[in-house]
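Here's the structure, in structure tokens; my notes come after.
The values are calculated or read from the model by the stated rules, or taken from the named source; none is laboratory data. Bear in mind that the values here come from a model prediction, so they are computed numbers and not experimental data. We place every Cβ from the backbone using ideal geometry, glycine too, and count neighbours over all the protein chains shown. These area figures cover heavy atoms from the full protein model, side chains too; ligands, DNA and RNA do not enter into them. Shrake-Rupley method; radii C 1.70, N 1.55, O 1.52, S 1.80 Å.
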Amino acid sequence: EADMKAKWIRLAIAKKVNEWVASIDDEALREKVKDNVIVTGGCNVSMLLNEKGNDFDLYLRNRECALALAHYYVAKFKTNPPTNFKGESKQVDVSVREEADGRIKIVVKSAGVAGEDGSDEDQYFESVPGDEAQNQFLDEELGRERELGDATEVAEEAKKAAGGKAKYRPIFLTANCVTLSDKVQVILRFFGEPEEIHSNYDFAHCTCFWDSKTRQLTLPPVALEAILARDLRYLGGSKYPICAMVRLRKFLKRGWNVTAGQMLKIAHGINKLDLSSISVLEDQLIGVDTAYFTQLIELLRQHDPDKVDGAYLMEVIDRIF
């Protein structure tokens, strides 16, 4: 049964990624990314637990692919700017920035996030605005794993099925990722081989992954043990312990368990951080991807561009949360 489920998951992810790749209308970019996609995170967990699925989180094996996709989707987003509540299009100043440490960041000036429907509300990256088609977890027919075939034909079929709107179009932008319609997110903040990507992760259960190059699904034993027991096992080397602490709320609401020892591990990681530095605090909070935290950082920078004023931080938190 476990083998059958793993095969089903592998086929489901392969079909989703094939469709997404086919939707890229830049042939050179399509060829560049098709063998460099890593699918990891919550969608694998949801399928293993037979739960309603999260978005498919797509990572890239190298920086070149991630950067090219960032520019591609920002350009696409600009051609379909978000609207306000009156249905009028509003211009968004959005660009791609290459950080000094080599990371890629989407900068949305004055908002921090931008959505197709004009939304800039508090959003976790697992739950973002979209249309009805986005709520469908998997297509009715999994069938056998299909080849890409003619990309233009596949993209046109997908567009027709979505009522005229192109599938896999960018609908929501944050510093970390591009959220597409139809339950796909392209993560830009991290890239590399699976081991490198997972070095940034907080909990062991999220480390199952599918590789577009090998077409294989990898289910690490430590991840399966955590999933079966619904235990939150913190990865001690995680670079983002504050993100893990905030994410605890979500998992506990879903019935997951966490021991005092695992919470101590998170606290120990936070203790190593210099949270008096705004740049450090921003780097930690950007992984949570909420508009409220983006607003918090903006207000702190206006007060002091470099240092966190503790008293002012408490005041701002009480004001916006």
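Those residues that are in contact with a Leu (Cβ under 8 Å, 6 or more places away or on another chain) and open to solvent by less than 50 Å² (accessible area, probe 1.4 Å), I need them from the range 230-265; list them, please. Those that are in contact with a Leu (Cβ under 8 Å, 6 or more places away or on another chain) and open to solvent by less than 50 Å² (accessible area, probe 1.4 Å): 232, 241, 242, 243, 248, 251, 256, 258, 262. Against the list (1) assigned to a helix (DSSP H, G or I); (2) surrounded by fewer than 15 Cβ atoms within 10 Å (Cβ to Cβ); (3) free of Cβ contacts under 8 Å to residues at least 24 places away in the same chain, the condition residue 274 fails is (1).
When 105, 52 are screened for being part of a loop (DSSP other than H, G, I, E, B) and either modelled with pLDDT under 90 or surrounded by fewer than 20 Cβ atoms within 10 Å (Cβ to Cβ) (or both), only 52 passes.
Taking the range 301-321 as the range and being of a type in the set (Asp, Glu) and surrounded by 12 or more Cβ atoms within 10 Å (Cβ to Cβ) as the test, the residues that pass are 309, 315. Is it the case, given these coordinates, that residue 214 is without any contact (Cβ under 8 Å) to a residue 40 or more places away in the chain and open to solvent by 60 Å² or more (accessible area, probe 1.4 Å)? Yes. If we scan the range 78-88, do we find a residue that is modelled with pLDDT under 90 and touching an Asp or Glu at 6+ places or on another chain (Cβ under 6 Å)? The answer is yes; a qualifying residue exists. Only one of the listed residues (225, 298) is closer than 21 Å to residue 177 by Cβ and part of a helix (DSSP H, G or I). That residue is 298. Cβ separations smaller than 7 Å between residues 6+ apart or across chains give the following pairs from the range 217-229 residues that are open to solvent by 30 Å² or more (accessible area, probe 1.4 Å) to residues that are at pLDDT 95 or above and among the small types (Gly, Ala, Ser): 222/204.
Consider the range 164-186 and keep the residues that are out of contact with any helix residue (DSSP H, G or I) (no Cβ under 8 Å at 6 or more places or on another chain) and more than 21 Å from residue 109 (Cβ to Cβ). The one that is modelled with the highest pLDDT is 185. Against the test of being in contact with a helix residue (DSSP H, G or I) (Cβ under 8 Å, 6 or more places away or on another chain) and either under 25 Å from residue 30 (Cβ atoms) or of a type outside the set (Gly, Ala, Ser) (or both), the options 210, 256 yield a single qualifying residue, 210.
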